[in-house]
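**Student:** The structure that follows is given in the form of structure tokens.
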Amino acid sequence: MNRRADRRKKKKQHLKTVPSVTGSKFSKSDETIERLFGAAMSLQRAGRLAEAERSWKSLRSRIPDHYGININLATVLWSLGRIKEASGVCSHAINLNPEGAEGFALLGAVLGAQGDSLGAIENSERAINLNPQLVTVWVQLALLYREQDNLELALIACKRAESMEPERVDVLNAVGLICLAREDWEQAEEALRRAVARADIGHLRSQIEINLATLLIARKEFSAAVIFCRSALDGYPAYPKAHNILGVALKFLNDFTSAEKSFRRAIELDKTMTEARVNLGTVLEMRYQWDSALECYEKALEIDPNSAEAWNNRGHILSSKKQHKAALTDFRRAIEIDPNYAEAHLNLAFELLIHGHWIEAWPEFEWRWRTAQMESFQRSFIAPQWDGNQKPAATLLVHAEQGLGDTLNFIRYIPMASACVGRLILECQPPLLPVIREMDGIHRILARGDPLPYFDFHVPLLSLPGIFETTLKSIPKAVPYIFASDNSNVLLPFSESALKVGMVWAGDPRNPRNLSRTTGLAPLKKILNVPGCVFYSLQHGEEGDQIINEGLRDSIDDLRPLMKDFGATAGLVNQMDLVISVCTSVAHLSGGMGVRTWVLLPHDADWRWLLNRSDSPWYPSVRLFRQKTPDCWAEVVDQIFQSLELFASGEN
């Protein structure tokens, strides 16, 4: 979800209630004016704002300097969205009565609607100094403090409001929003559910239900979020934000068709809604509709040229379309708008890395720790992070951070790190222990989750290339650096004259790029017809069932019963003449072992494979076969078929 755009939009949203002057004293000779005042007040309370405006203006023409009339007229103008007029009338009311809390409260709301949060806070604080019992203003202040990311003051303001009217709907809603911003999920959910239960069906309740849906999305409870979004739309069908948040929840449930429909409905209701256009673009991008996605981002930028998300997402599309120079420009523009935009920094890093500009890229790559996608990999240690300096008496903990393939790729840096310290401890994913426990430079190896011993410094494994200022020419090239242990070899049945070919067609489904990199077995059937080869499946997990599903049991042997762990897999890879794999852990295992490996790469291949190369500076034994058209593997399979025919016949 587009959080920065959401915060900007909140600055323009009107608060639902502000203090008004509900009664005024008139002399007996002004009984007519008193009746007109009461009638105007009734129209205002009934929501008949256009009529109320006419009534207040009529009264103001008679008594231009009456405080109550001016305050109520300003309130009506503000409610009608005529902010500039409301500001002028409100300022006049304050001049008439500088001790009137209502005037400062209303001016605070007006300035907030104009995007002047600091001015809004100043006037709201003056209002509560004059009258600390104004619950609405405490709520207003809480939300303003939240916009400024001052969550401590926001919580204090909420508590003051709650102490006076604990069951009031707007108070409970504000408590929920502040707790949501503080990531206090349980308190936020409790407050928002209480607010929903007390609110009447209509716009306000729908708003609260959407706040609750937003919370549930943050907690990854997407199905529950959909339920509240649909309830909100039952109460207020023309609510653009509800359609947008529904689309976000549906997108996370991989219901892209319904998500697209929701985003388009949000845009139909509010053509200025940048966030919905950006979200629609992400769905179209995931469906490889790149030109349509690009159009969404460009339209969003027409509406809001300062949308960092739109610049970042447009850059991502341009990168996928191989317009890399333009992509770099867009990522830098996003960072210029929002210097703390971690996703844009990381995308800039990837773009620089794929071009081979690694020295410039590594500092940007460290921004990965501030992105949502790396949240589950975050570690917190008392010991400081190692900066690469020589520490001959120190113990260093190197901890793996992402996928198995990343660990297998970058484990090559362990001997370099070990040479800088007295003792090196490696913590890695449990499946990899058998293949890297004997590696040089490791004094102790632990599985992730094991109790950690004392250490002086720590470093994430993927930070080591930056620490050693790696360039294309300085990649550690001691390949092989992964070895199969002597007791891991399981002999394969094969013909002495046949070429032994291992195959992998799917990666880890938890990887966000898995959809684009996975081929499935069906598109690879043609390869299995190359004569002079015996084919073995090195595919882990349920994806190995495709052998049976595609009726290929006689064409390829399923080795899953032998692959008890990565040590056993390494033993099997070590017996292959060739491994054909998508970009996944087995490809890195095979490459790190120095086994001949052919890797099938999607159109938007990972940065480490660089651009327009058929070789890899990481693995001398690897050959790359690149997809030219997104989501189309036919041409890649044809190239591999022809190359394998030559290899099997001894001509290559």
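The values are calculated or read from the model by the stated rules, or taken from the named source; none is laboratory data. Here the structure is a predicted model, which is why all the values come from computation and not from measurement. Ideal geometry is used to build each Cβ from the backbone, glycine not excepted, and the neighbour counts take in all protein chains shown. SASA here: full protein model, heavy atoms, side chains in, ligands and nucleic acids out. Shrake-Rupley method; radii C 1.70, N 1.55, O 1.52, S 1.80 Å.
**Student:** Along region 596-609, what does the Karplus equation 6.51 cos²θ - 1.76 cosθ + 1.60 (θ = phi - 60°) give for ³J(HN,Hα), rounded to whole Hz, x for Gly and Pro?
**Tutor:** Along region 596-609, the couplings run 4, 9, 10, 10, 8, 10, x, 4, 9, 5, 4, 4, 5, 8 Hz.
**Student:** Per-residue ellipticity at 222 nm for the chain, helices alone: DSSP H runs ≥ 4 residues times -39500 (n - 2.57), over residue total, nearest 500 deg cm²/dmol?
**Tutor:** Mean residue ellipticity at 222 nm (helix-derived): -15500 deg cm²/dmol.
**Student:** So what does log10 I(q)/I(0) come out to for region 82-229 at q = 0.12, 0.13, 0.20 Å⁻¹, using the Debye formula with one equal point on every Cα and no solvent?
**Tutor:** -0.52, -0.61, -1.17
**Student:** Let me ask something additional. Whenever you get a sec, compute what percent of the accessible area on region 276-358 sits on carbon and sulfur atoms (1.4 Å probe).
**Tutor:** On region 276-358, the fraction of accessible area on carbon and sulfur atoms equals 49 percent.
**Student:** Less than 12 Å Cβ to Cβ from residue 126, Lys/Arg counted +1 and Asp/Glu -1: what total charge do the surrounding residues give?
**Tutor:** Neighbour charge sum, excluding residue 126 itself: -4.
**Student:** Rounded if a/c is under 1.5, else prolate if a/b beats b/c, else oblate: with a ≥ b ≥ c from the C-alpha gyration tensor eigenvalues square-rooted, which is region 175-250?
**Tutor:** The shape class here is oblate.
**Student:** From the backbone phi of region 68-76, what are the Karplus-calculated ³J(HN,Hα) couplings (6.51 cos²θ - 1.76 cosθ + 1.60, θ = phi - 60°) in whole Hz, Gly and Pro given as x?
**Tutor:** Computed from phi, the couplings for region 68-76 are x, 5, 5, 4, 5, 5, 4, 4, 5 Hz.
**Student:** In whole percent, how big is the carbon plus sulfur part of the accessible area of region 559-609, probe 1.4 Å, protein atoms only?
**Tutor:** On region 559-609, the fraction of accessible area on carbon and sulfur atoms equals 43 percent.
**Student:** Quick one: dipole size for region 142-287, taken about the Cα centre, charges +1 on Lys/Arg Cβ and -1 on Asp/Glu Cβ, in debye to the nearest 20.
**Tutor:** Dipole magnitude for region 142-287 comes out near 400 debye.
**Student:** Ok, one more. Assuming 1.567 mPa s and 4 °C, estimate D for region 370-495 with Stokes-Einstein, Rh taken as the Kirkwood radius over Cα pairs, in µm²/s.
**Tutor:** Diffusion coefficient, whole number: 83 µm²/s.
**Student:** Follow-up. Arrange the residues 297, 236, 454 by how much accessible surface each exposes, largest first, with a 1.4 angstrom probe.
**Tutor:** The most accessible residue leads, giving 454, 236, 297.
**Student:** Which whole-angstrom value gives the distance between the alpha carbon centres of region 206-263 and region 598-641?
**Tutor:** Taking the Cα centre of each part, region 206-263 and region 598-641 sit 38 Å apart.
**Student:** How many nm separate the modelled label positions at residue 200 and residue 490, each set 7 Å beyond the Cα in the direction of the Cβ?
**Tutor:** So the label points at residue 200 and residue 490 sit 7.0 nm apart.
**Student:** Shifting gears a bit: Along the positive direction of the dipole of region 148-271 (beta-carbon charges: Lys, Arg +1; Asp, Glu -1; about the Cα centre), which of 229, 263, 252 reaches farthest?
**Tutor:** It is 263, whose Cα lies furthest towards the positive end.
**Student:** Which net charge results for the neighbourhood of residue 536, defined as the other residues with beta-carbon distances under 10 angstrom from its beta-carbon, given Lys and Arg at +1 and Asp and Glu at -1?
**Tutor:** Once positives and negatives cancel, what remains is -1.
**Student:** Further, regarding this structure: Return the FRET efficiency for the residue pair residue 472, residue 373: r is the Cβ-Cβ distance, R0 is 30 Å, and the value is rounded to the nearest 0.05.
**Tutor:** Efficiency at R0 = 30 Å is approximately 0.70.
**Student:** Taking only the alpha-carbon atoms of region 525-621, what semi-axes of the equivalent ellipsoid follow from 5 times the gyration tensor eigenvalues under a square root, in whole Å, largest first?
**Tutor:** So the three semi-axes of region 525-621 are 23, 16, 13 Å.
**Student:** Applying the Karplus parametrisation 6.51 cos²θ - 1.76 cosθ + 1.60 with θ = phi - 60° to the phi angles of region 140-156, what ³J(HN,Hα) value in whole Hz is obtained for each residue in order, glycine and proline being reported as x?
**Tutor:** Running phi through 6.51 cos²θ - 1.76 cosθ + 1.60 with θ = phi - 60° gives 4, 5, 4, 6, 5, 4, 4, 4, 8, 6, 9, 6, 5, 5, 4, 5, 4 Hz.
**Student:** So for region 215-369, Kirkwood radius off the Cα pairs, Stokes-Einstein at 10 °C and 1.306 mPa s: how many µm² s⁻¹?
**Tutor:** The diffusion coefficient I find is 98 µm²/s.
**Student:** Starting from the Cα coordinates of region 397-470, work out the convex hull volume and express it per residue in Å³.
**Tutor:** Hull volume normalised by residue count: 83 Å³.
**Student:** If you don't mind, another one. Considering the options 192, 294, 355, tell which one lies farthest towards the positive end of the dipole of the chain, charges being +1 on Lys and Arg and -1 on Asp and Glu at the Cβ, about the Cα centre.
**Tutor:** Checked the options; the winner is 192.
**Student:** Summing +1 for each Lys or Arg and -1 for each Asp or Glu, what net charge is found among the other residues whose Cβ lies under 12 Å from the Cβ of residue 621?
**Tutor:** Residues close to residue 621 contribute a combined charge of +1.
**Student:** Next question. Loop only per DSSP, at most 11 neighbouring Cβ atoms within 10 Å: give me the trypsin sites (Lys or Arg not before Pro) in region 444-482, ordered by residue number.
**Tutor:** Passing both the DSSP loop test and the Cβ count: 473.
**Student:** First compute the accessible area of region 398-535 with a 1.4 Å probe, then give the percent of it belonging to carbon and sulfur atoms.
**Tutor:** Details: 3340 of 6060 Å².
Taking all protein chains in place, region 398-535 shows 55 percent carbon and sulfur surface.
**Student:** Residues with amide H under 5 Å of residue 603's amide H, sequence separation 5 or more or different chain, H placed in the peptide plane at 1.01 Å from N; which?
**Tutor:** Amide H neighbours of residue 603: 627, 631.
**Student:** Can you pull the percent of Cα pairs in the chain with separation above 31 Å?
**Tutor:** That tail contains 63 percent of the Cα-Cα pairs.
**Student:** Using the alpha-carbon centroid of each, what span in Å lies between region 58-99 and region 419-491?
**Tutor:** 71
**Student:** So if I place +1 on the C-beta of Lys and Arg and -1 on the C-beta of Asp and Glu, and nothing else carries charge, what would the dipole magnitude of the chain be about its Cα centre? I want it in debye, nearest 20.
**Tutor:** 1360
**Student:** Starting from the amide H of residue 558, placed 1.01 Å from N in the peptide plane, find each other amide H under 5 Å away whose residue is 5 or more places distant or on another chain.
**Tutor:** Placed amide hydrogens put 537 under 5 Å from residue 558.
**Student:** If you don't mind, another one. With only Lys, Arg, Asp and Glu charged, each at its Cβ (+1 for the first two, -1 for the last two), find how big the charge dipole of region 30-151 is about the Cα centre; round to the nearest 20 debye. Can you show the working numbers first?
**Tutor:** Values: 11 positive and 14 negative charges, 86 e Å.
In total the dipole reaches around 420 debye.
**Student:** In addition: When Rg is the radius of gyration of the Cα atoms in region 82-132 and Rh is its Kirkwood radius, what does Rg/Rh come to?
**Tutor:** Ratio of gyration radius to Kirkwood radius: 0.95.
**Student:** In addition: Taking 7 Å along the Cα-to-C-beta vector as the label spot, tell me the residue 163-residue 390 distance in nanometres, rounded to one decimal.
**Tutor:** About 6.1 nm, to one decimal.
**Student:** Roll a 1.4 Å probe over the protein heavy atoms and report the accessible area of residue 387 in Å², nearest 10.
**Tutor:** Result for residue 387: roughly 100 Å² accessible.
**Student:** Right, another one. What figure, in Å² to the nearest 10, do you get for the accessible area of residue 156 with a 1.4 Å probe and non-protein molecules left out?
**Tutor:** For residue 156, the solvent-accessible surface is approximately 100 Å².
**Student:** Which value, in Å², gives the accessible area per residue of the chain when a 1.4 Å probe is used on the protein heavy atoms? Before the final figure, lay out the partial values.
**Tutor:** Values: 29110 Å² over 652 residues.
Counting only protein heavy atoms, the per-residue value for the chain is 45 Å².
**Student:** From the convex hull of the Cα coordinates of region 328-400, what is the mean projected area in square nanometres?
**Tutor:** 6.3
**Student:** Report, by chain and number, residues whose modeled amide H sits under 5 Å from the one on residue 580, excluding near sequence neighbours (fewer than 5 apart, same chain).
**Tutor:** 502, 503, 504, 598
**Student:** Moving on. Past the 17 angstrom mark, what percentage of all C-alpha to C-alpha distances in region 385-434 do you count?
**Tutor:** In whole percent, the share of Cα-Cα pairs in region 385-434 beyond 17 Å is 34.
**Student:** Nearest 0.05, what FRET efficiency do residue 291 and residue 437 give at R0 = 60 Å with Cβ-Cβ as r? Walk me through the numbers before you get to the answer.
**Tutor:** Numbers: r = 50 Å, r/R0 = 0.83.
Computed FRET efficiency for residue 291 and residue 437 comes out at 0.75.
**Student:** Just to be sure I understand: of the beta bridges DSSP finds with both ends in the chain, what percent are antiparallel, rounded to 5?
**Tutor:** 5
**Student:** Rounded to the nearest 0.05, what FRET efficiency do residue 271 and residue 114 have when you use their Cβ-Cβ distance and R0 = 25 Å?
**Tutor:** Working: r = 21 Å, r/R0 = 0.85.
Calculated value: 0.70.
**Student:** Quick check: residue separation of residue 187 and residue 234 times 0.36 nm, minus the Cα distance between them. What number comes out in nm?
**Tutor:** 14.3 nm
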